[in-house]
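Read the structure below first, then the notes.
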Amino acid sequence: MKYYAVKHQDGKDIFTSWDACKEYMIGKKRILQKSFKTLEEAKCFLNDEELELEFKIPTAYIDGSYDANTGCYSFGGVLIKDGSYQSFCRKYEADEFSEARNVAGEIKGAGYIINYAIHQGIKELNIIYDYEGIEKWYTGVWKASSPIALAYVKFKNEVKDKIIIHFIKVKSHSNDKYNDMADKLAKSALGI
């Protein structure tokens, strides 16, 4: 089931039918509307609250950014473990991966966080991402052909026996506290 949250200048509401949502929006001004998979997410959106998910194993959020003027790319990441979090960000100068733009940052970020987790003795990790390639190249669902994808698959083959990775996709800019934080960290690494 989907939940359609609508905010406008005179109020807000949640619908479970797109037709009812469309009808409600007629004649309203300054409308913000988004769909969500859970009622909790929709309520957080309406109340300008950040959604904070809870996980039983260490969890990392990853995002990437790109500066078209310089060809530099970056990643931002947040690792949540035992009720606290660590943030990471790194800028990469223009190189052979720059043509992949922000995807290069996301892939490098995934590798960085996985490597960090292994060195911390973490045996199982959730990775929350908003770009599908993070999961699809790692799991082999997508065939790697670009330089960054090939490097990521090579990395995966080196670490796959050291850590179990669970992938969870979220919408970008979906009011998820740590996903938004990873996005901001990636941009800040580039000075954006």
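Values quoted throughout were computed directly from the atomic coordinates according to the rules given, and no laboratory measurement underlies them. None of these values were measured; they are calculated from a predicted model. Here Cβ is always computed from backbone atoms with ideal geometry, including for glycine, and neighbour counts include all displayed protein chains.
3J(HN,Hα) along the stretch 3-18: 10, 10, 9, 10, 10, 8, 4, 10, x, 7, 6, 10, 10, 10, 10, 5 Hz, from the Karplus curve 6.51 cos²θ - 1.76 cosθ + 1.60 with θ = phi - 60°, whole Hz, x for Gly and Pro. Within the stretch 106-183, the percentage of alpha carbon pairs spaced more than 19 angstrom apart rounds to 35%. Going out from 0 in 10 Å bins, what whole percent of all Cα-Cα distances in the stretch 1-55 drops into each bin? Final binned percentages: 25, 53, 18, 3, 0.
Relative to one another, the C-alpha centroids of the stretch 31-83 and the stretch 115-192 are positioned 13 Å apart.
Of all the C-alpha pairs in the stretch 58-122, what % are more than 21 Å from each other? Write down the numbers at each step before the final one.
Working: 532 of 2080 pairs.
Of the Cα pairs, 26 percent sit more than 21 Å apart.
P(r) for the stretch 147-192, from all Cα pairs and a bin width of 5 Å, is 5, 16, 14, 15, 21, 22, 7, 0 %, short bins first. Looking at the stretch 40-156 alone, DSSP beta bridges between its own residues are antiparallel in about 85 percent of cases. For GluC sites (Glu not before Pro), the sites in the stretch 107-192 that DSSP calls loop and that have at most 15 other Cβ atoms within 10 Å are 132.
Coupling constants for the stretch 141-149 follow from the phi torsions by the Karplus curve (6.51 cos²θ - 1.76 cosθ + 1.60, θ = phi - 60°), and in residue order they are 5, 9, 7, 7, 9, 6, x, 5, 5 Hz; glycine and proline get x.
3J(HN,Hα) along the stretch 179-186: 5, 5, 5, 4, 4, 5, 5, 4 Hz, from the Karplus curve 6.51 cos²θ - 1.76 cosθ + 1.60 with θ = phi - 60°, whole Hz, x for Gly and Pro. When the chain is described by a simple charge dipole with +1 on each Lys and Arg Cβ and -1 on each Asp and Glu Cβ, the residue from 62, 46, 142 located farthest towards its positive end is 142.
With the convex hull of its Cα atoms as the shape, the chain has an orientation-averaged projected area of 12.7 nm².
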